[in-house]
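In what follows, a single structure is set out as structure tokens and then discussed.
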Amino acid sequence: MSKKWDAIRGSAEFYITMAVCLVVIGVSGYFLLFGGVSPEERLEEEAPSEEAIVTDPAPEVEVSAEEPVVETIAPEPVETPAVMPEVEIDDTPVVAEIPRQLVDPLEGEVVTAFSMEELVYNATLGDWRTHDGVDIAAEVGTSVLAASSGTVISVEEDPLMGTTVVIEHDGGYQTTYSNLQAEPSVAEGDTVSAGQFIGAVGDTAAAEAAQGPHLHFSVTCDGEPVDPQSFLNQ
């Protein structure tokens, strides 16, 4: 058997048969791999056509002007007190102040003027002295009126100025009416209105008897003498 196989392998037919088998095997493998398309045809199919090659244009870049950056500075925090202070509320009702009404206590001639800077001669006492009011001449019994509204704080018999009535007004003012008749029409504590009748002219002032019947009218503000004419002309 071995000798027979060696005889066949050494013959030309053997080699021809082997070559044919190899060719068949190669052709079969080619068709299996390339599906019957030659390598040149496959290269042509795979190569992209000129129409297929499209160059994408460069993307357009939108240029916009940048807005300026404004730097804002935050306000510094304000420290608030932990406990708010209590606020006192004044609930006192507001009362409209009525304008002061002033009237002349007596119409007549001023025989002695107000004078606190210069001395005035007193004919009754025969000396020179200051005069803290005005002396208005009038007949005995002439009505004397309250110069402004207020409260009567005293009715007395002064040794020098005779029967005297003192009325207290707002603003620290006081008016004094001297040389009245012995029995005035008001008493201490009475409330009077401006122009109210409070008494009558008398002759009770021993220190001014030489001047005849008259009203001695004086005014003070916070205890200081004030010119009665300035007070009445407010």
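Can you tell me the dipole magnitude for region 148-200 around its Cα centre, using point charges on the Cβ only (Lys, Arg +1; Asp, Glu -1), in Debye to the nearest 20? Dipole of region 148-200, to the nearest 20 debye: 160 debye.
Each Lys or Arg adds one and each Asp or Glu subtracts one; over the other residues with Cβ under 13 Å from the Cβ of GLU208, this totals -4. To the nearest 0.05, what FRET efficiency results for THR191 and ASP91 with a Förster distance of 25 Å applied to their C-beta separation? Taking R0 as 25 Å, the efficiency between THR191 and ASP91 is 0.35. Rolling a 1.4 Å probe over the protein heavy atoms leaves CYS21 with an accessible area of roughly 60 Å². Using the 1.4 Å probe convention, the accessible area of region 119-162 works out to 50 Å² per residue with neighbouring protein chains retained. Close amide-amide hydrogen proximity is noted between VAL144 and ILE198, GLY199, ALA200, VAL201, each under 5 Å apart and 5 or more residues distant or on a separate chain (H modeled in the peptide plane; Pro and chain starts excluded).
Couplings 3J(HN,Hα) of region 193-206, computed from phi: 10, 4, x, 6, 5, 10, x, 9, 5, x, 9, 9, 7, 5 Hz, in residue order, whole Hz [Karplus 6.51 cos²θ - 1.76 cosθ + 1.60, θ = phi - 60°; x for Gly and Pro].
Amide H contacts for ASN122 (H built 1.01 Å from N in the peptide plane; partners 5 or more residues away or on another chain; cut-off under 5 Å): ASP127, TRP128, ARG129.
Taking all protein chains as shown and a probe of 1.4 angstrom, MET161 keeps an accessible surface of around 40 Å². Taking every protein chain into account, the 1.4 Å probe leaves ASP91 with about 130 Å² of accessible area, to the nearest ten. Say a paramagnetic label sat at a point 7 Å from the Cα of GLU183, along Cα to Cβ; which residues of region 202-221 have their backbone N under 12 Å from it? No residue passes the distance filter.
The values are calculated or read from the model by the stated rules, or taken from the named source; none is laboratory data. Not measured: the values here are computed from a predicted model. We place every Cβ from the backbone using ideal geometry, glycine too, and count neighbours over all the protein chains shown. For the accessible areas, the whole protein counts, side chains as well, though only heavy atoms, and no ligand, DNA or RNA atoms are used. Shrake-Rupley method; radii C 1.70, N 1.55, O 1.52, S 1.80 Å.
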